[in-house]
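Structure, as structure tokens:
The values are calculated or read from the model by the stated rules, or taken from the named source; none is laboratory data. What you see is a predicted model, and the numbers here were worked out from it, not measured in a lab. Cβ atoms come from the backbone with ideal geometry, glycine included; neighbour counts cover every protein chain shown. Surface accessibility is based on the protein's heavy atoms, side chains included, excluding ligands, DNA and RNA. Shrake-Rupley method; radii C 1.70, N 1.55, O 1.52, S 1.80 Å.
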Amino acid sequence: MVDVGVKDVTLRMAKAQATVTMAEETLDRVQQTAIAKGDVLEVARLAGIMGAKQTSNLIPLCHPLNVDSVTVDFEVVAPTKIRISAVVQIQARTGVEMEAMTAVSVAALTVYDMCKGMDRDIEIGEIQLLEKTGGRSGHYRRSQDQKGGV
């Protein structure tokens, strides 16, 4: 585990995204909250927030953090695709990139779990860090040229 004890406490933020691709009929039913298990996006939002808070229990050597805020949002970007984004913030000695990426991953897995009864061909993809601020390495923003960019 990396020793972060000598680092300064700074405001740190990380933004990540993932995509979920499914049949058009499945996405229509998600948007209409007509999936048998309930409101897919609200359950996935809660799962993503909970996932961010549990990152150190899932990823070996990740520091346990008391995050200050987590937001998880969804955007339909095509008739068959949802983009999930998460923003995590904290005042700490270490960054929250893994928490943001865990949030979108767990949210995407929840979408799959809730929809798999009607669509087994769902794909989860493009899990990536979009931006981070704070700490010694400063500000990072994924180039729009890169696959899936900001």
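Rounded to the nearest 20 debye, the dipole magnitude of segment 1-130 is 320 debye, with +1 charges on Lys and Arg beta carbons, -1 on Asp and Glu beta carbons, and the Cα centre as origin. Note on Asp8: accessible area approximately 110 square angstrom, rounded to 10, probe 1.4 Å, nucleic acids and ligands left out. Taken over the Cα atoms of segment 47-119, the convex hull encloses 84 Å³ per residue.
The Cα trace of the chain gives Rg and Dmax of 16.2, 53 Å, the first to one decimal, the second as a whole number. Helix 97-115 sits at what angle to the longest principal axis of the chain, using alpha carbons and giving 0 to 90 degrees rounded to 10? The angle comes out at about 10 degrees. Sequence-distant contacts, meaning Cα pairs under 8 Å at least 6 residues apart, place the relative contact order of the chain at 38 percent. Calculated mean residue ellipticity at 222 nm for the chain: -9000 deg cm²/dmol, from DSSP H runs with n ≥ 4 weighted as -39500 (n - 2.57), summed, divided by the residue count and rounded to 500. When you count the other C-beta atoms within 10 angstrom of each residue and take the mean per peptide, 86-99, 128-141 line up highest first as 86-99, 128-141. The lysines whose alpha-carbon is closer than 25 Å to the alpha-carbon of Lys53, local same-chain residues fewer than 8 away aside, are Lys7, Lys15, Lys37, Lys132. Ligands, DNA and RNA aside, Ser105 has an accessible area near 30 Å² when probed at 1.4 Å.
Each of Leu109, Thr55, Gln32 was placed along the dipole of the chain (beta-carbon charges, centred on the mean Cα), and the one lying farthest toward the positive end is Thr55. Shown for the chain: the carbon plus sulfur share of the solvent-accessible area, taken with all protein chains present and a 1.4 angstrom probe, equals 50%. Fully extending the segment from Asp3 to Met118, taken as 0.36 nm per residue of separation minus the present Cα-Cα distance, adds 36.7 nm. The P(r) of segment 84-124 has a tail past 16 Å containing 46 percent of all C-alpha pairs. Take 115-123, 18-26 and order them by the average number of nearby Cβ atoms within 10 Å per residue, most first; the result is 18-26, 115-123.
For Asp39 and Ile59, the FRET efficiency from 1/(1 + (r/R0)^6), where r spans their Cβ atoms and R0 equals 22 Å, is about 0.20. Per residue, the accessible area of the chain comes to 54 Å², computed with a 1.4 Å probe over protein heavy atoms only. Full extension of the chain segment joining Ser69 with Arg141 gains 23.9 nm, where the gain is 0.36 nm per residue of separation less the Cα-Cα distance.
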